[in-house]
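Asker: Sharing a structure with you now.
The values are calculated or read from the model by the stated rules, or taken from the named source; none is laboratory data. None of the values given here were measured: they were computed from a predicted structure. With ideal geometry, Cβ positions are generated from the backbone for all residues, glycine too; neighbour counts draw on all protein chains shown. When the accessible area is computed, the model is the full protein with side chains, heavy atoms only, and any ligands, DNA or RNA have been set aside. Shrake-Rupley method; radii C 1.70, N 1.55, O 1.52, S 1.80 Å.
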Amino acid sequence: PNPRVDNAVIWMAKARAGSQQWVAVASAWQIWWYHRARQFQRVTRVACAVYMVSAIFEVPAWCLDGETDCGWTNPDVPHFNVGQLSPYGSNVIQISCLLIFLAQYILNWVKLGSARSRRFWDLLPILLILPALLDQLVSLSNTTGLIPAPTTLGLAVSRLFRPVIFLSMRKDLRNAAEHLVRAVPAFWGAFLALAYIHFIFSWVGIVIFERSAEGIGQLPDFKNALFNFYMFFTTVNNPDFFIPAYDENRSSVWFFAIFFCLTFFVLQGVLLAYVYDGYRELQEQHADKERESREAAMGQVFSALAGPAGVRVEEADFARFFQSFRRIQAPFWSRQDPDLERSRGRSIFRVFDEDQSGGLDRGEFLKLTQMMADPRQVVVGRPRRLRQPADEGFF
């Protein structure tokens, strides 16, 4: 192990990810934790898939009180005959997945050291995992979890948090959610206009259809009016919503048609445009920040490999660096030939050594690392078998 090379490899991986969340000089212990956390990510990815797929086979939350029959033998419950996990089996799976997520978070926290972030979006996983884990542990003795059985919610805390926990364990999804929340100021006006139209039409609808079948069945009070108009906006109860009014007076359909055109065709499109515009602006800012972080990380790679002198990178150091970087970027099932990778590293080094000085200065090295840090660039590995001479690209 070479601490300088290992630290440079980690900075190169950060540059490729558009991040600079690492320390300038890492200890051997911190580097060891980094690699353990990176290897454990494979287990976490499998746990994420199991965590979400298991929802298909679970007993519905409103059936956990023991009084409602939601089994496959009940003819009144629609199902796909895919089998059903017992509440205890479901708890064991959920607890296992949550413990894996907790272990991944702790590993990430330890490996970053002083570079760890305390932003809300980076703390979100632990804020969700702990209550969900507590709910599952309580479920071992009380199947409904933290929420007592006689409740109108019909929800379990861990199941309510499940999609958000899955989102928080994926950095790309977490960033997308952060951008969407930060874009709210750009579209809140259009959202309020949409809510205002719902409010006005609900109010006017109650007044117009007060003593009709429409008013008695669909618009009896303001709460039900708001709910039914929202369902009408989503087309869930269309056309059942306005059929009673249409049966009594066909002209009344214009009231619902005007509402639908204003909300579904006009304001929904305006809202979507504002959301897209605000989100795109934040994405552009994020891309600029990633580019700056990538350039800063590449500078850290040069500083780590150039050593105390900080003048140039030697060929032997770059060969070891290239071989180590290829090893951590390769899939876990692939086999790397260290000698071959070091030989390829030397060949690449000589191509970018423009002045043939036997070392790469800062300018030459940054040209090389710009290629390696670009996620769109792929260094082709050793073929599993030689192709035929007629195949294009080999001979």
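Asker: Using the basic label-point model (7 angstrom from Cα toward the beta carbon), what is the residue 257 to residue 216 distance in nanometres?
Answerer: 2.7
Asker: Rounded, prolate or oblate: which fits segment 170-254, taking a ≥ b ≥ c as square roots of the Cα gyration tensor eigenvalues, rounded meaning a/c under 1.5, else prolate when a/b beats b/c?
Answerer: prolate
Asker: Give the peptides 115-123, 219-227, 89-97, 102-110 in descending order of average Cβ contacts within 10 Å, highest first.
Answerer: Top to bottom by mean Cβ count within 10 Å: 89-97, 102-110, 219-227, 115-123.
Asker: May I ask you to list the residues of segment 263-290 whose amide nitrogen lies under 20 Å from a point 7 Å from Cα along the Cα→beta-carbon direction of residue 121?
Answerer: Taking a point 7 Å out along Cα→Cβ of residue 121, the residues of segment 263-290 whose backbone N falls under 20 Å are 274-290.
Asker: Where the centre of each part is set by its Cα atoms, how far does segment 12-45 sit from segment 188-223, in angstrom?
Answerer: Each part reduced to its Cα centre gives a spacing of 55 Å.
Asker: Local charge sum around residue 322 (other residues, Cβ-Cβ under 9 Å, Lys/Arg +1, Asp/Glu -1)?
Answerer: Combined, the nearby Lys, Arg, Asp and Glu give +4.
Asker: Hey, with R₀ at 22 Å, roughly what FRET efficiency would residue 36 and residue 330 work out to, going by the Cβ-Cβ distance, to 0.05?
Answerer: Taking R0 as 22 Å, the efficiency between residue 36 and residue 330 is 0.80.
Asker: Straight-line reach from residue 171: which lysines have Cα under 24 Å away, leaving out those fewer than 8 places along the same chain?
Answerer: Output for residue 171: 14, 111, 289.
Asker: Kindly identify segment 86-244 as rounded, prolate or oblate by the Cα gyration tensor criterion: order the square roots of the eigenvalues as a ≥ b ≥ c, call it rounded if a/c is under 1.5, otherwise compare a/b with b/c, prolate if a/b is larger, else oblate.
Answerer: oblate
Asker: So, for segment 197-318, what is the accessible surface per residue at a probe of 1.4 Å, expressed in square angstrom?
Answerer: Accessible surface, normalised per residue, equals 59 Å².
Asker: Could I ask something else about it? What are the lysines whose alpha-carbon lies under 23 Å from the alpha-carbon of residue 223, with same-chain residues fewer than 8 places away excluded?
Answerer: Output for residue 223: empty list, no partners.
Asker: Ordering 272, 160, 167 by accessible area with a probe of 1.4 Å, largest first, what comes out?
Answerer: Largest accessible area first, the list is 272, 160, 167.
Asker: Treat each spin label as a single point 7 Å out from the Cα along the C-beta direction, and report the residue 346 to residue 52 distance in nm.
Answerer: Going from the residue 346 label point to the residue 52 one covers 4.6 nm.
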